[in-house]
1. Yes or no: THR37 modelled with pLDDT of 95 or more and not in a loop (DSSP other than H, G, I, E, B)?
2. Between a residue in segment 296-311 that is farther than 21 Å from GLU56 by Cα and assigned by TED's automatic domain parsing to the domain that holds ASN352 and any residue that is away from the ligand (no atom under 16 Å from the Cβ) and of a type in the set (Lys, Arg), which pairs come within a Cβ distance under 6 Å, given they are 6 or more apart or on different chains?
3. Taking the conditions exactly as written (within 16 Å of the ligand (Cβ to nearest atom) and either assigned by TED's automatic domain parsing to the domain that holds GLY328 or of a type in the set (Gly, Ala, Ser) (or both)), does GLY249 satisfy them or not?
4. Taking the stated definitions as given, is GLY266 outside any strand (DSSP E or B), under 12 Å from HIS344 (Cα atoms) and not β-branched (Val, Ile, Thr)?
5. Just to be sure I understand, how many residues within segment 290-308 are part of a strand (DSSP E or B) and of a type in the set (S, T, N, Q)?
6. Could you list all residues from segment 273-320 that are among the polar types (S, T, N, Q), within 18 Å of ASP256 (Cβ to Cβ) and at pLDDT 95 or above?
7. Do we have any residue at all in segment 274-289 that's in a loop (DSSP other than H, G, I, E, B), among the aliphatic types (A, V, I, L, M) and away from the ligand (no atom under 16 Å from the Cβ)?
8. Does HIS118 satisfy the criteria of being part of a loop (DSSP other than H, G, I, E, B) and over 21 Å from GLU202 (Cα atoms)?
Amino acid sequence: MKISKWILILSIPLLAIIITLVILVFAMGTSLLSSFTDDDKPEFDGMILGPIGENEIPSELIPIYQRAAEQYNLDQWIILAAIHRVETRFSTLGVMESPVGATGHVQFMPCTWMGWGHPSCGGLGKGNMSNGDLINPELITKYGGYGVDANGDGKADPSDIEDAIFSAAKYLTANMSTDGKYSDPLKNAVYAYNHADWYVDEVFMHFNLYSSGYIAKENNQVPISMIGDTVWPVPHTKNITSPYGSRWGTIHEGIDINQAGDADLGKPIVAFKNGTVVYSRTGWNGGWGNVVQVEHSNGLKTVYAHLSSLGVREGQQISAGQVVGTMGHTGNVRSSTGKGTHLHFEVWLNGNRIDPTPYLTPWLGG
Ligand SMILES: [Zn+2]
């Protein structure tokens with residue numbers, strides 16, 4: 001009797017421990033499960049890279065953005081990629097001094113880098129200092145600038161990729177504000193970096209495009225025209241540069257949509273209607289270039305050709321207004337305007353290409 005009493009006394013705390021462990025394991029299991037099922041839900045914290053981000057952001061830069069964001073407690077590392085894209089197209093436009101004096105990979109004004117306490121600083125912030133002074137970490141500390149020596153080479157150099165990205169992260173974190181022009185503190189930080197609404201729009205357009213699960217319609221980032229259950233596929237322009245029908249001795253089996261010149265490059269293209277992505281591939285694709293095909297109900301299919309980046313995967317269910325890719329000039333592009341960037345849009349019915357115009361007249365005031 002005595003022994004069984006002891007067993008009983010001991011088993012109570014033991015049981016409590018076991019129950020706690022079971023609850024813990026169960027909780028971990030469900031959180032793991034939810035992180036898997038989150039895949040198809042929109043996520044806007046900017047942490048999850050979507051297909052366009054994977055295509056466009058040079059992969060060697062991603063760890064730099066991520067480390068910089070971590071260092072300065074910036075939740076949304078993709079914003080650094082977006083700024084780098086808008087400033088110097090990931091450094092492919094050159095990192096030398098701009099006409100207004102901005103310099104390096106993300107085009108810092110010298111006074112922001114060095115610190116506005118520098119005696120030559122004022123006005124737009126071009127300042128007047130030697131390059132030796134500009135990259136001197138001790139002087140930057142003295143004058144209160146944002147330039148940092150991230151790679152530990154003793155210089156804080158805006159023309160060094162790590163130094164530039166880490167400094168941008170430091171700047172954004174320091175300039176987040178809940179009372180500013182925008183309700184989003186991160187937008188206020190980007191506005192502080194370059195005081196222009198178009199700049200904030202451009203940076204956030206890329207931020208959203210690069211993030212996973214971006215649906216333009218729901219986020220109101222680009223003006224979407226929705227009539228019934230269909231959406232005009234090019235949010236930024238309704239300009240048709242080539243209609244369906246005879247062209248150059250053959251039949252143009254779709255319509256071309258774009259503005260003039262190269263201004264359309266990289267702008268979002270959205271799905272005409274809810275549907276399933278049946279084709280999403282890079283390459284020549286019979287002249288289409290990078291192309292997305294979406295199957296809708298009642299034998300209807302739409303084709304989005306010459307894209308610069310693909311935004312959806314084959315087999316994916318998508319909504320009207322969801323970004324399927326970005327406008328480009330891949331494939332066989334013949335255009336009299338600019339470099340030929342345009343959307344070639346086709347409508348298929350029961351396996352045959354048809355004139356898309358009747359489907360689009362509601363937007364065109366026809
Ligand atoms: Zn075309």
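1. No; evaluated as a whole, the condition is false for this residue.
2. Every condition considered, the pairs that remain are HIS296/LYS273.
3. yes
4. The answer is no for GLY266.
5. 3
6. ASN285, ASN290, GLN293, THR302
7. So far as segment 274-289 goes, no, none of its residues is in a loop (DSSP other than H, G, I, E, B), among the aliphatic types (A, V, I, L, M) and away from the ligand (no atom under 16 Å from the Cβ).
8. In short, yes.
The values are calculated or read from the model by the stated rules, or taken from the named source; none is laboratory data. Nothing here was measured: the structure is a model prediction, and the numbers come from that model. Virtual Cβ from ideal backbone geometry, glycine too; neighbours counted across all protein chains shown.
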